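Asks: Can you read through this structure? Questions will come right after.
Read-outs: derived from the displayed coordinates by stated rules, not from any lab. Just so it is clear, the model here is predicted, and its values are computed rather than measured. Neighbour counts run over all protein chains shown; Cβ positions are idealised from the backbone, glycine included.
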Amino acid sequence: MADQDPQAGAWADETSDIVPEPSASQATLEPVDGEFTVAGSGEWQNLPDAVEDDLMVINMGPQHPSTHGVLRMLLTMDGEMIVDNQPVIGYLHTGIEKNAEFRPWVQGVTFVTRMDYLAPLHNELGYCLAVEKLLGIGDDVPERAQAIRVIMTEINRITSHQVALATGGMELGALSAMIYGFRERETLLDIFEYVTGLRMNHAYIRPGGLAQDVPEDFVSRVSEVIDELPGKIDELEDLLTENPIWQERNVGVGVLTAEQCFDLGITGPVLRSAGVAHDLRKSAPYCGIEQYDFEVQTTDTADAYGRFLIRVREMRESIKIVQQALKSLPGGPVMVADKKVAWPAQLALGPDGLGNAKSYIGKIMGQSMEALIHHFKLVTEGFEVPKGTVYVPVESPRGELGYHVTSSGTNKPYRVHVREPSFVHIGAIPAATRGLQVADVIAAVASLDPVMGGVDR
């Protein structure tokens with residue numbers, strides 16, 4: 001039977017001389033019309049994943065349902081064991097910090113609220129507190145605005161923890177946990193939309209106070225939702241806390257001791273799961289949150305299971321804070337009295353949603369030319385902030401969220417740099433996953449609760 005020799009281009013029988021294929025360690029270099037074509041195999045035995053060390057490098061992400069966004073991890077594996085794990089970031093880069101430096105101070109709020117998109121109100125608060133410190137008006141912000149800030153950010157803490165627990169459960173096969181988490185989150189996002197007009201990325205907290213006051217039935221409506229939450233959290237705990245499968249997948253996984261947290265700059269629930277009762281709401285309180293009764297939750301497990309317990313308990317503590325703030329909510333304005341800072345001007349919630357107050361529009365358009373000019377300049381140019389540099393941290397759902405802001409004395413920031421907890425926690429992935437198996441990487445990363453909008457800011 002004859003075969004066709006692909007190199008000779010002729011028919012040959014079985015007894016013909018066959019040109020041998022290049023060996024694994026050989027490569028052929030043949031000139032064709034002045035160009036060289038390399039064929040054959042390379043020196044495979046010299047590659048890092050060769051037989052000698054029995055290691056292989058694989059990608060997890062950036063398109064992966066369990067990396068909490070576009071996170072890529074380069075896993076160096078010895079069989080199923082993780083020898084090293086190098087996170088690769090930058091796939092969601094938005095340039096939020098730099099964009100904020102080219103806009104008037106108030107417009108910076110619309111950028112930072114999109115940074116950690118699961119905790120937009122905490123980013124708004126941190127940025128505004130920094131601007132207010134530069135302006136020297138921190139003590140002038142009305143008490144009503146401060147109390148509403150506390151209520152909204154603590155509700156935001158609950159919604160963020162619900163996403164962390166829901167997605168973490170889904171990734172480990174607990175689909176009911178995902179349904180429970182997102183079900184309760186929807187009721188709270190309805191409150192955000194009711195107050196600010198938006199479910200996320202609100203730009204509601206502004207330098208000097210709030211964009212507008214809350215609706216008249218705010219207290220009763222929020223109380224109705226908040227009072228039902230403890231029972232809903234009980235359902236989640238009944239499903240997971242004593243669940244043997246959930247414990248097997250989380251206990252002893254992603255361990256980060258207190259010493260490792262200190263070395264890596266880890267804060268928030270991850271640090272508190274290692275037994276360290278550090279919470280900026282206690283150690284460096286803001287917005288009058290020190291007047292409310294709540295406890296800093298800790299465990300000593302230092303693992304993924306402990307972080308689950310911390311987030312569940314913190315939701316209950318946030319409920320306590322919101323309930324206290326609602327009962328003692330003061331009256332009065334929600335923006336500083338200085339009209340050179342109080343931007344935007346009066347807003348009101350009309351029957352068709354957010355809009356300008358008719359009385360204010362009537363004044364600037366038909367009664368006072370000076371008021372119209374002031375409104376125009378404040379909206380188009382903004383206000384100037386004295387020269388200086390400040391660093392203001394707040395306790396976000398993921399840990400210390402700090403705003404380092406510099407003013408050169410103009411109507412725009414000179415520098416906006418954010419100490420973002422998700423970015424810091426991504427740096428802990430190698431330590432938290434080394435020695436685990438591939439399936440455990442999912443639980444370990446989920447327990448860190450990174451949000452890539454904050455990482456790739």
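Asks: Cβ under 14 Å from His374's Cβ, His374 left aside: what net charge do those residues give with Lys, Arg +1 and Asp, Glu -1? Mind showing how you got there, number by number?
Replies: Working: positive: Lys339, Lys340, Lys363, Lys377; negative: Asp338, Glu370, Glu381.
Local net charge: +1.
Asks: Report the FRET efficiency, 1/(1 + (r/R0)^6), for Phe102 and His417, where r is their Cβ-Cβ distance and R0 is 22 Å, rounded to 0.05. Spell out each step's value before the answer.
Replies: Numbers: r = 15 Å, r/R0 = 0.67.
FRET efficiency, Phe102 to His417: 0.90.
Asks: A follow-up question, please. How many nm is it between the label spots at Ala371 and Glu186, if each spot is 7 Å from the Cα in line with the beta carbon?
Replies: With each label point 7 Å from Cα toward Cβ, the separation is 4.4 nm.
Asks: Using 0.36 nm per residue, how much length does the chain from Lys363 to Asp338 gain when fully extended, once their Cα-Cα distance is taken away?
Replies: So the extension gain works out to 7.2 nm.
Asks: Sorted by mean Cβ packing within 10 Å, highest first, what order do the peptides 399-412, 437-450 take?
Replies: 437-450, 399-412
Asks: Using a 7 Å offset from the Cα along the Cα-to-Cβ direction at both Asp54 and Glu259, what is the distance between the two label points in nm, to one decimal?
Replies: So the two model labels end up 3.0 nm from each other.
Asks: Using the Kirkwood radius over C-alpha pairs as Rh, can you work out the diffusion coefficient of the chain via Stokes-Einstein at 37 °C, viscosity 0.692 mPa s, in µm² per second?
Replies: It comes out at roughly 131 µm²/s.
Asks: At 0.36 nm per residue, minus the direct Cα-Cα distance, what do Asp227 and Glu248 gain on full extension? Give it in nm, one decimal, please.
Replies: 4.3 nm
Asks: Can I ask one more? Please find the FRET efficiency linking Ser408 to Val438, where r is the Cβ-Cβ separation and R0 is fixed at 41 Å, and quote it to the nearest 0.05.
Replies: The formula returns an efficiency of 0.25 here.
Asks: Could the peptides 307-320, 190-203, 360-373 be put in order, highest first, of the mean number of other beta-carbon atoms found within 10 Å of their residues?
Replies: The densest-packed peptide leads the list: 307-320, 190-203, 360-373.
Asks: Once region 200-240 is represented by equal point scatterers at the alpha-carbon sites, with solvent omitted, what log10 I(q)/I(0) does the Debye formula produce at q = 0.16, 0.18, 0.28 Å⁻¹?
Replies: -0.66, -0.73, -0.92
Asks: Right, something else. For Thr94 paired with Asp139, estimate the spin-label separation in nm (one decimal), with each label point 7 Å from Cα along the Cα-to-Cβ line.
Replies: 3.6 nm
Asks: Shifting gears a bit: P(r) for region 63-174: what percent of alpha-carbon pairs falls in each 10 Å bin, starting at zero?
Replies: 12, 29, 30, 18, 9, 2, 0
Asks: How high is the relative contact order of region 189-259, in percent, with contacts defined as C-alpha pairs under 8 Å that are six or more residues apart?
Replies: 15 percent
Asks: Turning to a different aspect of this structure: In whole angstrom, how far apart do the alpha carbon centroids of region 108-125 and region 236-293 sit?
Replies: Using only Cα atoms to place each centre, the spacing works out to 22 Å.
Asks: Tell me the net charge near Val141. Cut-off is 12 Å between Cβ atoms, Val141 excluded, with +1 for each Lys or Arg and -1 for each Asp or Glu.
Replies: Overall, the nearby charge balance is -1.
Asks: Also, I was wondering about something else. Binning every alpha carbon pair distance of region 152-309 at 10 Å from zero, what are the percents per bin?
Replies: 9, 31, 36, 20, 4
Asks: Order the peptides 258-268, 87-97 from the highest to the lowest mean number of other Cβ atoms within 10 Å of their residues.
Replies: Highest mean packing first, the order is 258-268, 87-97.
Asks: From the Cα trace of region 281-338, what convex hull volume per residue do you get, rounded to a whole Å³?
Replies: Values: hull volume 6.4 nm³, N = 58.
Given the Cα convex hull of region 281-338, per-residue volume reads 111 Å³.
Asks: Which net charge results for the neighbourhood of Ala258, defined as the other residues with beta-carbon distances under 14 angstrom from its beta-carbon, given Lys and Arg at +1 and Asp and Glu at -1?
Replies: -2
Asks: With contacts defined as alpha carbon pairs under 8 Å and 6 or more residues apart, what's the relative contact order of region 119-264 in percent?
Replies: 27 percent
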